[in-house]
1. Answer with yes or no whether residue 74 is assigned to a loop (DSSP other than H, G, I, E, B), touching a residue at least 40 places away in the same chain (Cβ under 8 Å), touching a helix residue (DSSP H, G or I) at 6+ places or on another chain (Cβ under 6 Å) and assigned by TED's automatic domain parsing to the domain that holds residue 241.
2. Being part of a helix (DSSP H, G or I) and under 21 Å from the mean Cα position of the chain (by Cα), is that true of even one residue in the range 57-65?
3. Please determine, by comparing only the residues of the range 1-20 that are out of contact with any helix residue (DSSP H, G or I) (no Cβ under 8 Å at 6 or more places or on another chain) and part of a loop (DSSP other than H, G, I, E, B), which one is farthest from residue 243 (Cα to Cα).
4. Please work out which residue is surrounded by the fewest Cβ atoms within 10 Å (Cβ to Cβ), limiting yourself to the range 361-373 and to residues that are under 19 Å from residue 307 (Cα atoms) and in contact (Cβ under 8 Å) with a residue 60 or more places away in the chain.
5. Among the helices (runs of 4 or more DSSP H) confined wholly to the range 201-283, which include 2 or more residues that are within 25 Å of residue 191 (Cα to Cα)?
6. Are any residues in the range 333-352 in contact (Cβ under 8 Å) with a residue 12 or more places away in the chain, surrounded by fewer than 21 Cβ atoms within 10 Å (Cβ to Cβ) and assigned to a loop (DSSP other than H, G, I, E, B), and if so, which ones?
7. Identify, by number, the condition in (1) in the same structural domain as residue 253 (by TED's automatic domain parsing); (2) crowded, with 20+ Cβ neighbours inside 10 Å; (3) within 23 Å of the chain's Cα centre (by Cα) that residue 134 doesn't meet.
8. From the list 330, 293, 283, 317, pick out the single residue that is out of contact with any helix residue (DSSP H, G or I) (no Cβ under 6 Å at 6 or more places or on another chain), more than 13 Å from residue 361 (Cα to Cα) and modelled with pLDDT under 95.
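The values are calculated or read from the model by the stated rules, or taken from the named source; none is laboratory data. Here the structure is a predicted model, which means the values were calculated and not measured. A quick note on method: Cβ atoms are made from the backbone with ideal geometry, for glycine too, and the neighbour counts reach across all protein chains shown.
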């Protein structure tokens with residue numbers, strides 16, 4: 001009896017629908033260019049927005065932390081404790097986000113799961129933007145609260161849904177920068193609406209931290225909302241160039257998460273090397289605002305160039321630039337064509353994005369050169385010129 005034979009059949013169905021995925025194997029450090037199958041390609045899809053994953057200061061801090069504290073963390077924080085470096089990072093992240101305290105997690109995914117599950121339960125409701133990240137969706141499911149989905153960035157719809165009431169507590173959760181579109185949530189109005197209805201707020205700053213705000217604190221900082229969001233979620237794996245996640249907020253929230261966030265309590269703390277790297281990255285972000293300025297400059301350059309070529313490009317306010325294609329097979333053809341021209345940016349297809357909205361998700365890095373951006377545009381021009389692009 002072939003009890004698992006259905007898996008092969010389902011994989012075949014995914015392939016037939018142009019939805020089968022497999023990761024590329026990278027043979028080099030993540031940077032503006034990478035080596036794939038012996039060939040150098042411009043990396044145009046990384047979340048390493050500030051280029052800090054390859055910064056020698058960040059790498060050396062990772063080496064130093066591993067040398068002092070070891071390769072692993074040993075156990076969960078409540079079992080074997082946090083190292084001084086780990087606690088120092090929590091305090092540094094709290095200062096970076098303008099909050100009283102912070103709790104670190106092994107990933108941003110686990111941070112979202114943990115904070116939602118800790119703040120909402122079966123008698124509560126979680127109001128979630130329809131385009132929120134999968135980690136937020138899974139956090140809603142695991143909390144066992146009633147999920148209430150509002151239309152993307154539609155504050156009138158959110159206000160209407162909150163007005164219906166009927167729950168013990170209400171929690172509003174949103175990405176600040178949406179990972180597949182690059183747009184920024186209307187946080188000022190969202191916070192005002194939530195406050196008026198007595199709802200808690202959770203904002204995931206994964207793609208905004210280090211990129212937006214006068215000091216790189218994210219969209220919350222950029223919009224003057226520091227201290228007005230109940231829980232600010234972040235990740236160390238994107239602009240900070242490391243790995244791990246965190247939730248920043250009041251000292252009471254941090255204490256509650258340490259006692260009730262299952263994805264923190266029952267998970268090993270981030271490894272020392274990641275802690276050291278993230279700490280060093282925060283210092284670089286504070287001292288080198290030119291990196292954020294460079295992202296804005298390159299985003300404008302790439303967006304304008306793509307539109308001049310006739311591509312449909314999203315209205316991004318971040319490092320993320322979506323090039324909308326439509327059907328999955330068309331997006332795969334475009335991705336393959338630009339790869340032939342030396343640019344690596346895979347097609348993004350359902351379920352990562354809604355059906356019919358497959359795209360190439362481009363990202364700019366502060367360490368990309370003007371010449372590399374020009375090469376990306378040349379690749380898209382060649383794809384359109386040979387008829388393989390939509």
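1. Here the answer is yes, as residue 74 does meet what is asked.
2. Checked against the condition, which is being part of a helix (DSSP H, G or I) and under 21 Å from the mean Cα position of the chain (by Cα), the range 57-65 yields at least one hit.
3. To start, the set of residues in the range 1-20 that are out of contact with any helix residue (DSSP H, G or I) (no Cβ under 8 Å at 6 or more places or on another chain) comprises 1-16.
When the remaining residues are screened for being part of a loop (DSSP other than H, G, I, E, B), the result is 1-4.
Values: 1: 42, 2: 39, 3: 37, 4: 34 Å.
In this case the residue turns out to be 1.
4. Step one: list which residues in the range 361-373 are under 19 Å from residue 307 (Cα atoms), which gives 361-364, 370-373.
From what's left, in contact (Cβ under 8 Å) with a residue 60 or more places away in the chain: 361-364, 370, 372-373.
On the way: 361: 22, 362: 26, 363: 26, 364: 28, 370: 10, 372: 20, 373: 21.
Ranking the candidates gives 370 first.
5. Working: elements: 219-222, 251-260, 262-265.
Counting at least 2 such residues, we get 219-222, 251-260.
6. 341, 342, 346, 350, 352
7. Every listed condition holds for residue 134 apart from (2).
8. Result: 317 is the single residue among 330, 293, 283, 317 that is out of contact with any helix residue (DSSP H, G or I) (no Cβ under 6 Å at 6 or more places or on another chain), more than 13 Å from residue 361 (Cα to Cα) and modelled with pLDDT under 95.
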